[in-house]
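The values are calculated or read from the model by the stated rules, or taken from the named source; none is laboratory data. Just so you know, these numbers come straight off a predicted model, no measurement behind them. Heads up, the Cβs are rebuilt from the backbone with ideal geometry, glycines too, and the neighbour counts pull from every protein chain shown. Please note that ligands, DNA and RNA were not included when accessible areas were found on the heavy atoms of the full protein model with its side chains. Shrake-Rupley method; radii C 1.70, N 1.55, O 1.52, S 1.80 Å.
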Amino acid sequence: MPIAAIYGPEDFDQPTPGHSAAVPRSRVSPAKRHGAIPMPSLEWTPEVERSTAHLYERVRQVISPVEWPLMAPTIKAINELKKTRDAVILAHNYQTPEIFHCVADIRGDSLQLAIEATRVKSDIIVQCGVHFMAETSKILNPNKMVLIPDSRAGCSLASSITGADVRLLRERFPGVPVVAYVNTSADVKAEVDICCTSSNAVQVVESLNAPTVIFLPDQYLARYVASKTDVRIIAWKGACEVHERFTGDELRAYREADPTVQIIAHPECPPDVLAEADFTGSTAHMIDWVRNRHPKRLVMITECSMADNVRAELPDVEIVQPCNLCPHMKRITLAGILDSLLTLREEVSVDPLVAEKARRSVERMINLEN
Ligand code: SF4
């Protein structure tokens, strides 16, 4: 069914603070537990070439032999420092291939990373993703050090809504349960009943057994969920700045150029885009779809780096790649990860009272999965 209503900050009398596009830089705590480590050599040597050759095999389809000597010394240094620090690197599917395939220990979509974050044994988590993902790891691991290589890595969805907005929605719709996409701040997660990701959004909404649910902040994911359920959905006016740029016309042009092409799209895209797609799913579901179907020619309607990561794994699938990059995800670089491990910056902190409430919402979602 179509969504029942859609709200934004302008629909409330009380202005709510905190709708800035960028996430403020987190407090940088000194390297208190382990001490700083001097910068290792980043020279391209025969030893670096030999010891990183197996990693280059993973990415040779998407990283040229000319680029590799510029990356390999940093990759080697990061992998050695992970052992020294007892650190684990979590990387989202939108990270670039040299991060995703060469230094990450755990890879996946938001749901997979949230679940894996609960199982991490290492002292330190380095989150290669955006700020709300690092906050989620901290919420689930309050006693670990969680680092993000650049805490300015925000998200247009997370910055579209505040905890105060959720409280106003609750006043407007008393008793209606609230589901928050994980692409939200800890403050928002602390105010809602349960979180969801694009992998499990319909399942989470239906698990509440309520006739009406407030679903925030992504209006397009809300529309997608509403099309898959009989639950009445009240949405928020947030959008992903990467996925909302795709258009149905663009997809029709791909199909006209090659009627055999397969098109898969992320549910953060507008409805006219999803109407043209052969398959709609989260990043993890999209990757599974490509692994299982092995299409000859494919258009991936999502953040651009994911297509590189899939092409590195499945070089015989020809991927047409409309290149919409997420500027926030691209703040995470090899140099930044190395600096994080050397200096133990930037540490993510979440107010313990907020974290405790937010943890309930995230764990309620994870328990549904289990
Ligand atoms: S791709 Fe969209 S939803 Fe994901 S981090 Fe970037 S702005 Fe946020």
Per-residue HN-Hα couplings for the range 161-169 [Karplus 6.51, -1.76, 1.60; θ = phi - 60°; Hz; x = Gly/Pro]: 8, 10, x, 5, 4, 5, 5, 5, 4
Pairs K121/K357; K144/K357; K138/K189; K189/K228; K121/K189; K83/K330: which are spaced more than 20 Å apart, C-alpha to C-alpha? K121/K357; K189/K228; K121/K189; K83/K330
Leaving ligands and nucleic acids out of the surface, order H101, H54 by accessible area at 1.4 Å, largest first. H54, H101
Using the Kirkwood radius over Cα pairs, work out the Stokes-Einstein diffusion coefficient for the chain at 37 °C and 0.692 mPa s, in µm²/s as a whole number. 154
Percent of beta bridges antiparallel (DSSP, the chain, rounded to nearest 5): 5
Probe 1.4 Å, all protein chains present, accessible-area order of S64, S340, largest first: S64, S340
Using the heavy atoms of the protein chains and a 1.4 angstrom probe, tell me the accessible area per residue for the chain in square angstrom. 42
Measure out, as a whole number of angstrom, how far apart the alpha-carbon centroids of the range 79-139 and the range 163-210 sit. 25
At 7 Å along the Cα-to-beta-carbon direction for both N324 and Q61, put a label point, then send me their distance in nm to one decimal. 2.4
Carbon/sulfur accessible area of the range 267-359, % of total, 1.4 Å probe, equals 51
Counting only protein chains, not ligands or nucleic acids, how are L325, L353 ordered by accessible area (probe 1.4 Å), most first? L353, L325
In deg cm²/dmol and to the nearest 500, what is the mean residue ellipticity at 222 nm of the chain if only DSSP H runs of at least 4 residues count, each as -39500 (n - 2.57), divided by the residue total? -11500 deg cm²/dmol
Jot down the per residue volume, in cubic angstrom and as a whole number, of the convex hull over the alpha-carbon atoms of the range 270-352. 159
With a 1.4 Å probe and every protein chain kept in, tell me what percent of the accessible surface of the range 82-200 is carbon plus sulfur. 45
Which of the aspartates and glutamates could a cross-linker span from K296 if the Cα-Cα distance has to be under 19 Å and same-chain partners fewer than 8 positions apart are dropped? E256, D258, E276, D278, D288, D308, E313, D316, E318
Please turn the phi angles of the range 80-95 into ³J(HN,Hα) values with the Karplus equation 6.51 cos²θ - 1.76 cosθ + 1.60 (θ = phi - 60°), one per residue in order, whole Hz, x for glycine and proline. 6, 5, 4, 5, 4, 8, 6, 10, 10, 9, 9, 10, 6, 4, 8, 6
